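Novice: Have a look at this one before I ask anything.
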Amino acid sequence: GGRIEQYVDITEQKELQSRIERLAVTDELTGVYNRRGLYEFGKRDLARAYRVGTPLCALFLDIDRFKSFNDQYGHTLGDLVLKELSFRIKHQIREMDLFARFGGEEFVVLLPDTPLDQASQMAERIRSVIADTPFDLELDEVSVTISIGITQFRPEDDLTSLLERADRGMYQAKNNGRNRLEWITS
């Protein structure tokens, strides 16, 4: 009895599979999670908050008057704003926080183990780092502001209801003058 062995290097195949899995949950432009990634990993944070009873807050952020910005400067510069905004937000949140592009110019941050007062402080830091430092776009510096809705997890929440409440807060912030935070507690 002889024996024949064959070895096949599947390193490249595994790397490709890993890249495809990453792309499925990542926004290509900004490099943060996309909506699918938000729901996939956000459910885990929600389940933990429910099971352990730790606080969980959601921030829903939207760039103020972004359609007008795109109309004036074009989508290429609009994309640069989205990338820079994502970069700035990433540097204001903790590694354990979940940051995602919800769609268009809307973003979500889930803050596990964070009570409402601390979430509000973080949201204000994010708002001010966006509003207080102009965005350097080619030959022009442009001011950008965001409106943020904030809410806290309740035991009856699923991820959709939590995000809908934070989204209502964001629209309330826009209706009350933009470049501000609004809390929705009910």
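Novice: What aspartates and glutamates could a cross-link reach from Lys174, if we take a straight Cα to Cα line under 12 Å and drop same-chain neighbours fewer than 8 places away?
Specialist: Asp62, Asp64, Glu182
Novice: Let me ask another. Where Rh denotes the Kirkwood radius from the mean inverse Cα pair distance, what is Rg over Rh for the chain?
Specialist: That ratio equals 1.11.
Novice: Just to confirm a number: summing +1 for Lys and Arg and -1 for Asp and Glu over residues other than Arg94 whose beta-carbon lies under 13 angstrom from that of Arg94, what do you get?
Specialist: My count for the surroundings of Arg94 gives -2.
Novice: From the backbone phi of the range 154-168, what are the Karplus-calculated ³J(HN,Hα) couplings (6.51 cos²θ - 1.76 cosθ + 1.60, θ = phi - 60°) in whole Hz, Gly and Pro given as x?
Specialist: Listing the rounded values in order: 10, x, 7, 6, 10, 4, 5, 5, 4, 5, 4, 5, 5, 5, 4 Hz.
Novice: Can you give the translational diffusion coefficient of the range 123-186 in µm²/s, computed by Stokes-Einstein from the Kirkwood radius over Cα pairs at 37 °C and 0.692 mPa s?
Specialist: Using the Kirkwood radius from Cα pairs, D works out to 256 µm²/s.
Novice: While we're looking at this one, here's another question. Could you list which residues have their amide H under 5 Å from that of Asp64, counting only those 5 or more apart in sequence or on another chain, with H placed in the peptide plane?
Specialist: Here Thr145, Ile146, Ser147 satisfy the definition.
Novice: Rounded if a/c is under 1.5, else prolate if a/b beats b/c, else oblate: with a ≥ b ≥ c from the C-alpha gyration tensor eigenvalues square-rooted, which is the range 31-78?
Specialist: It comes out prolate by the Cα gyration axes.
Novice: Solvent-accessible area per residue for the chain at a 1.4 Å probe radius, Å²?
Specialist: 58
Novice: Where the eigenvalues come from the Cα gyration tensor of the range 1-108, what are the semi-axes √(5λ) of the equivalent ellipsoid, largest first, in whole Å?
Specialist: Over the Cα atoms of the range 1-108, the ellipsoid semi-axes are 37, 23, 10 Å.
Novice: Could you work out how far apart the two model spin labels at Leu116 and Glu40 are, taking each label as a point 7 Å from the Cα in the direction of the beta carbon, and quote it in nm?
Specialist: Those two pseudo-labels are separated by 3.3 nm.
Novice: Still on this model: Among the lysines, which fall within straight-line cross-link reach of Lys43, defined as a Cα-Cα distance under 26 Å, with same-chain neighbours fewer than 8 residues apart omitted?
Specialist: Output for Lys43: Lys83, Lys90.
The values are calculated or read from the model by the stated rules, or taken from the named source; none is laboratory data. Source: prediction; values computed, not measured. All Cβ positions, glycine included, derive from the backbone under ideal geometry; neighbour counts span all protein chains shown. For accessibility, only protein heavy atoms count, side chains too; no ligands or nucleic acids. Shrake-Rupley method; radii C 1.70, N 1.55, O 1.52, S 1.80 Å.
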